[in-house]
Amino acid sequence: MVQEPIPRLVGYARVSRAATQSNMETNAQTDLLQTAGCDRIFEEDSAGTATPRPVLARVLNELKPGDTLIVTRLDRIARSTRDLLEIVTALDHRGIHIRSLGDHMDTSAPHGVPLRTTLAAVVELERAIKIENTKIGIADAKRQGRLPGNPGLREKNADAIQAVSAAREKAYLDELSASSPDWLPLVRQLRPQHSWENIVEVLKRKGHQWTAERLRRAVHRMVEANMAEAELLNRSPKRAPEDRPMLLAAAIVIANSSLSLRDIAAELDRIGEPPVPPGRKWQTSSVRQILDEAHRFGLLRL
């Protein structure tokens with residue numbers, strides 16, 4: 001009988017670089033996390049809001065269903081309400097809880113269940129307020145004879161262009177960091193043995209909408225920011241055309257591991273994949289054979 005993994009309490013502390021020089025804030029956070037009973041505590045030295053958070057990305061990826069991520073305050077893991085919503089949603093889908101000691105928030109408690117709905121409403125409210133303020137600002141600028149937008153960009157000022165580029169890059173990395181627990185573990189399992197196109201097919205079966213180029217670019221940026229391993233970008237070996245049925249069968253299993261061989265055969269028939277060997281319908285013996293191949297190629301794990 002396979003023993004279920006024991007849920008863990010994992011602590012995460014993030015401090016500014018200036019604070020870490022004296023260790024005062026680090027000790028304050030770790031002391032609180034230790035008192036809360038954390039089995040393991042991760043510490044991150046962050047120079048500011050624009051810097052990547054590779055330690056947080058690693059923590060989010062290593063958490064298992066049933067675990068609880070504990071922080072002293074919500075601003076330790078999130079830089080905005082939208083950022084927090086994305087992290088809470090991604091972990092909730094994986095059966096992982098968040099507890100904030102200073103905010104008295106715990107998603108595993110009964111009162112913590114509506115948190116995602118509340119955050120979504122706050123994000124939508126912030127968005128509506130931002131849109132309204134933008135409209136008011138544009139109207140005021142027109143009345144005063146000024147053009148809306150960033151003057152530096154209109155004038156092609158190098159510093160302004162660089163600042164906007166840095167802000168966009170930060171937002172992109174924040175988005176990748178928040179969503180990576182849903183897709184990066186599978187990429188780590190399949191790269192570089194399998195192509196980006198094959199991995200996208202598997203992710204689509206799990207509800208993710210990627211293109212091969214978008215996924216490759218996302219992983220490339222995470223590698224540059226030290227949030228993922230460089231080996232993921234290594235060239236994958238060429239596969240024979242007959243790998244497609246194996247890939248699709250593996251994707252079906254990854255999306256729903258409870259399906260029987262008969263269910264998988266029916267699903268392959270439903271999506272119109274030609275049977276191997278040729279025939280009217282997929283046979284369970286053929287499904288078993290290509291799933292054995294999927295295990296040998298590393299698409300599936302025993």
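The values are calculated or read from the model by the stated rules, or taken from the named source; none is laboratory data. Keep in mind it's a predicted model, so treat the numbers as computed, not measured. Note that each Cβ is placed from the backbone with ideal geometry, even for glycine, and that neighbours are counted across all protein chains shown.
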Pair list, Cβ under 9 Å, 6 or more apart: the stretch 119-134 residue more than 26 Å from I98 (Cβ to Cβ) and not assigned by TED's automatic domain parsing to the domain that holds V88, other residue modelled with pLDDT under 70 and surrounded by 10 or more Cβ atoms within 10 Å (Cβ to Cβ): T134/P148
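Which is among the charged types (D, E, K, R), in contact (Cβ under 8 Å) with a residue 40 or more places away in the chain and not in a loop (DSSP other than H, G, I, E, B), of D174, D269?
After ruling out the rest, the residue left standing is D174.
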Positions within the stretch 198-224 being over 17 Å from I254 (Cα atoms) and buried (at least 18 other Cβ atoms within 10 Å of the Cβ), in sequence order: L215, R216, A218, V219, M222
Residue in the stretch 272-290 that is under 30 Å from V55 (Cα atoms) and among the aliphatic types (A, V, I, L, M) present: no
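Would a scan of the stretch 149-157 turn up a residue that is at pLDDT 80 or above and not assigned by TED's automatic domain parsing to the domain that holds L91?
no
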Any hit, the stretch 84-96, residues being without any contact (Cβ under 8 Å) to a residue 60 or more places away in the chain, more than 14 Å from the chain's Cα centre (by Cα) and not in a loop (DSSP other than H, G, I, E, B): no
Count of the stretch 1-58 residues which are surrounded by 19 or more Cβ atoms within 10 Å (Cβ to Cβ), of a type in the set (G, A, S) and at pLDDT 90 or above: 2
Contacts under 6 angstrom Cβ, first residue in the stretch 279-302 being farther than 10 Å from M246 by Cβ, partner part of a loop (DSSP other than H, G, I, E, B), 6 or more apart: W282/P275; S286/V276; G298/Q193
Scan of the stretch 203-236 for residues that are modelled with pLDDT under 85, under 16 Å from the mean Cα position of the chain (by Cα) and in a helix (DSSP H, G or I), ordered by number: L203, K204
